[in-house]
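Only one structure is covered here, and it is reproduced in the block below.
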Amino acid sequence: GPYGAQRRHASKHRFFAVELSQALFDFVIQRLPTQEEMAVKEDVRKLLERLIRTIEPDSRLLSFGSTANGFSLRNSDMDLCCLIDSDERLSASDMVTMLGDLLERETKFNVKPLPHARIPIVKLSLDPSPGLPLGIACDIGFENRLALENTRLLMCYAMIDPTRVRTLVLFLKVWSKRRSINSPYQGTLSSYGYVLLVIYFLIHVKNPPVLPNLQQMPPLRPISQEDTHIGGHNTWFFDDIELLRQRWQSSNTDSVADLLIDFFRYYSRDFTYNTGVASIRGGLLKKESKGWQNEASSRYNDSRERNRFCIEDPFEIDFNVARCVTKEGLYQIRGEFMRASRILAMRPRAVAALAQLCEE
Ligand code: ATP
Ligand code: MG
């Protein structure tokens, strides 16, 4: 009868989900950085820190981005941030120029200082060698305290539910790179943008939620403005993950595969690209309420382009993380979400499905 058919349907889906979840874990594990790679990167960080201290003795060089937030893949680049604790410090662009010269003289890195970028950085790279078969790429910025904090926020989200969150994020990073939709310079979205899409989905779309909203939880004790603000931005979030784990348990029991299927479905069908802003802090917001409409409401000609796709930065809330996404880029990204949905809806064998999803 009809109930039998429904049961068979559900059990087929469960079988597919179990198999796909296992395949996702295996897929991701093979692409994690090795111990050796992490050790080499830490050595590079220390070496660079020593060199920088020859110009700024009171400086520290800290990792952020994927090397520090738990979302790192093999051969991912290194993001480093230099903090200077003294009062009379040089401007970021002067530091970039000076450090560029120093590294050029003292190291074997290929050095490219970008003192005039929106965020001035020195770009470094090492060509492949026997010990480092894929070389190394590294960006050094200055005083980018917000980036250190948003890295810590993402790391906390990864720690709350390491298996599901990390597997989803890492898979989507590989997928978006292989499908060529992970390059802000070409009108698509950065890894950081994809991570925010995943976290937004797990907090605000899934019901029951897989993650709590760390930025909206009540603090344990009163806190002062100075402790929570960096450059006028509120960077407070609940970061005692040990305690959180004792007090908060998600009642969502979806498997990683279920979540991935829903993620693709949501972003191919349900997310309101024309009017909506994905905000991990505030849920689904309206472009209108943030002044981010992409109609010709502004005198800048490129403002239409800037707000096609809107993802609010967790701390710098006036900043659209997806502002580099162009009309064509968004078309491409949505096309990929639809393609992925279509592939998974056919329930092929899991390993083949992942290979097909990530086909270059
Ligand atoms: P990958 O492994 O691909 O390098 P990643 O996790 O390091 O991924 P990136 O996109 O390289 O992610 O971003 C690294 C860090 O730089 C982020 O954690 C964030 O702090 C900062 N960042 C990157 N892009 C943006 C952006 N558009 N707006 C604000 N901060 C950003
Ligand atoms: Mg990075």
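May I ask you to compute the full-extension gain from Ile119 to Arg269, defined as 0.36 nm times their residue separation minus their alpha-carbon distance, rounded to one decimal in nm?
50.5 nm
Using a simple spin-label model with points 7 Å from Cα along the Cα→Cβ vector, what separation in nm is obtained for Asp58 and Ser224?
So the two model labels end up 2.0 nm from each other.
Mind checking which of Pro130, Ser93, Thr163 is farthest towards the positive end of the chain's charge dipole, using Cβ charges of +1 (Lys, Arg) and -1 (Asp, Glu) about the Cα centre?
Checking the options against the dipole of the chain, the answer is Thr163.
Per 0.36 nm of contour for each residue apart, how much would the distance between Asn110 and Ser250 grow if the chain were fully extended, relative to their Cα-Cα spacing?
Computed gain between Asn110 and Ser250 is 45.7 nm.
Under 20 Å Cα to Cα from Lys12, which aspartates and glutamates show up? Leave out anything in the same chain fewer than 8 places away.
Asp254, Asp258, Asp262
Expressed as a whole percentage, what fraction of the accessible surface of the chain belongs to carbon and sulfur atoms when a 1.4 Å probe is rolled over the protein heavy atoms?
Details: 9480 of 18620 Å².
Reported share for carbon and sulfur atoms: 51 percent.
Average projected area of the Cα convex hull of the stretch 35-144, in nm²?
Convex hull of Cα atoms, orientation-averaged projection: 6.7 nm².
Can you compute the charge dipole magnitude of the chain about its Cα centre, using +1 on each Lys and Arg Cβ and -1 on each Asp and Glu Cβ, nothing else charged? Give it in debye, rounded to the nearest 20.
Charge dipole, the chain, about its Cα centre: 1880 debye, nearest 20.
If the cut-off is a Cα-Cα distance under 14 Å, which aspartates and glutamates reach Lys108, setting aside same-chain residues fewer than 8 apart in sequence?
Asp127
On a full-extension model of 0.36 nm per residue, what is the gain between Asn207 and Tyr185, subtracting their alpha-carbon distance, rounded to one decimal in nm?
Between Asn207 and Tyr185, full extension yields 4.4 nm more.
Once both axes come from the Cα atoms, what is the angle between helix 92-106 and the longest principal axis of the chain, in degrees from 0 to 90, rounded to 10?
Helix 92-106 and the main axis of the chain meet at about 80 degrees.
Let's see if you can work this out: charge +1 on each Lys and Arg Cβ, -1 on each Asp and Glu Cβ, no other charges. What is the dipole magnitude of the stretch 35-144 about its Cα centre, in debye to the nearest 20?
260
Using alpha carbon centroids, what distance separates the stretch 86-119 and the stretch 1-65, in Å?
Measuring centre to centre over Cα atoms gives 30 Å.
Quick one: net charge of Met338's neighbours, Cβ under 10 Å, K/R +1, D/E -1? Write out the running numbers ahead of the final one.
Numbers: positive: Arg265, Arg269, Arg334, Arg339, Arg342; negative: Glu336.
Charge balance in the 10 Å sphere: +4.
Please list, in chain and number order, the residues 5+ apart from Glu143 or on another chain whose amide H is under 5 Å from its amide H, with Hs placed from the backbone.
Cys82, Leu83, Ile84
Might you work out the accessible area of Cys358 for me, using a 1.4 Å probe with all protein chains in place, and round it to the nearest 10 Å²?
Rounded to the nearest 10, that gives 0 Å².
State the volume of the convex hull built on the alpha-carbon positions of the chain, expressed per residue in Å³ and rounded to an integer.
168
Taking the Cα atoms only, what angle lies between the long axis of helix 327-345 and the longest principal axis of the chain, rounded to 10 degrees?
Approximately 40 degrees, to the nearest ten.
The values are calculated or read from the model by the stated rules, or taken from the named source; none is laboratory data. Everything numeric in this text was worked out from a predicted model, so none of it was measured. Positions of Cβ are generated from backbone atoms using ideal geometry, with glycine treated the same way; all protein chains shown enter the neighbour counts. The protein model used for the area step is the full one, side chains on, heavy atoms only, and it has no ligands, DNA or RNA in it. Shrake-Rupley method; radii C 1.70, N 1.55, O 1.52, S 1.80 Å.
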